[in-house]
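Participant: Would you mind keeping the following structure in view while I ask a few things?
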Amino acid sequence: MDQIGTITSLGSDKFLVNDTVMSIDELIMLLELERVDSLEQQLADELQSMAELNDLLKEANKMLSIARTEKGKLEGKGHSDMPPEMIDFFEDHDVQQGLSKYDKEHKGVAHGNKYLDDEGYDFCQNSDEWETSIENLKAFIDGLNSRSQVQMLRISSLIKKRDESLTMPSNTNNSLHQTNQGILNKI
């Protein structure tokens, strides 16, 4: 829809909008339809954001499954390296890996050619470290779920506003039709 420019009152319920003379009812309908367009764009943006959030939730749940599998392989002893995709996920989303006493004592020193995170800890995990990493992933997922709920409320609110904005022009149009019909019946 075209942007509404300057609105000028011509008196006696007439307005000049973009070189078009309109009644107050027509102007209200035009403004409500412009509002609908704006709400539609906001709704599309929110839905896109929700889709991205859902993708992130899927990826986080995949990482949680991998972490549980890795922990299970250890059967309480030894250690295993985090897979590269999990290391990237933890760093990209600021999820803290599980740390042991050894990690804290040897911060900045990699076991062999191990990769270190930004704080100088390796991504080599024993069973307890995997458990902590799993709990941190769960907390991250809980935060995403909370964001998702808030976003659903925003989407619901936008849908309600859009529906209300669609109703007003329809009601105005019906009122105009009834008024015109009444005038025609009296002639």
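Participant: Take Asp128 and decide whether it is of a type outside the set (A, V, I, L, M), in a helix (DSSP H, G or I) and loosely packed, with under 12 Cβ neighbours inside 10 Å. Break it down into steps so the answer makes sense when it comes.
Facilitator: Numbers: of a type outside the set (A, V, I, L, M): yes; in a helix (DSSP H, G or I): yes; loosely packed, with under 12 Cβ neighbours inside 10 Å: no.
Judged against the criteria, Asp128 is not a match.
Participant: Of the residues that make up the stretch 18-39, is at least one assigned to a strand (DSSP E or B) and of a type in the set (S, T, N, Q)? Spell out the reasoning first.
Facilitator: Within the stretch 18-39, the first condition is being assigned to a strand (DSSP E or B), and the residues that meet it are 20-23.
Of the ones still in play, those that are also of a type in the set (S, T, N, Q) are 20, 23.
Yes, the conditions are met somewhere in the stretch 18-39.
Participant: In the set Leu53, Leu39, which member is at pLDDT below 95 and not charged (D, E, K, R)? First the steps, then the outcome.
Facilitator: Working: Leu53 fails: at pLDDT below 95.
Just one listed residue meets the conditions, Leu39.
Participant: Could you look through the stretch 56-84, keep only residues that are of a type in the set (Asp, Glu) and modelled with pLDDT under 95, and pick out the one that is surrounded by the most Cβ atoms within 10 Å (Cβ to Cβ)?
Facilitator: Going through the stretch 56-84, the residues of a type in the set (Asp, Glu) turn out to be 59, 70, 75, 81.
Going one step further and asking which of them are modelled with pLDDT under 95, we end up with 70, 75, 81.
Values: Glu70: 20, Glu75: 8, Asp81: 15.
Going through the qualifying residues, I end up with Glu70.
Participant: Which of the residues spanning the stretch 148-187 are farther than 14 Å from Leu47 by Cα and exposed (fewer than 11 other Cβ atoms within 10 Å of the Cβ)? Explain how you work it out, then say what you get.
Facilitator: Restricting attention to the stretch 148-187, the residues satisfying the condition of being farther than 14 Å from Leu47 by Cα are 160-187.
Across the stretch 148-187, the qualifying residues are Asn174, His177, Gln178, Asn180, Gln181, Gly182, Ile183, Leu184, Asn185, Lys186, Ile187.
Participant: Here are some conditions: (1) free of Cβ contacts under 8 Å to residues at least 12 places away in the same chain; (2) in contact with a Gly (Cβ under 7 Å, 6 or more places away or on another chain). Leu10 meets all but one. Which one does it not meet?
Facilitator: (2)
Participant: Right, another one. Taking the options Asp45, Asp13, Asp25, name whichever one is farther than 26 Å from Arg154 by Cβ, of a type outside the set (Phe, Trp, Tyr) and exposed (fewer than 13 other Cβ atoms within 10 Å of the Cβ). Spell out how you get there, then give the answer.
Facilitator: Details: Asp45 fails: farther than 26 Å from Arg154 by Cβ; Asp25 fails: exposed (fewer than 13 other Cβ atoms within 10 Å of the Cβ).
The match here is Asp13.
The values are calculated or read from the model by the stated rules, or taken from the named source; none is laboratory data. This is a predicted model, so every value here is computed, not measured. Please note: Cβ atoms are built from the backbone with ideal geometry, for glycine as well, and neighbour counts cover all protein chains shown.
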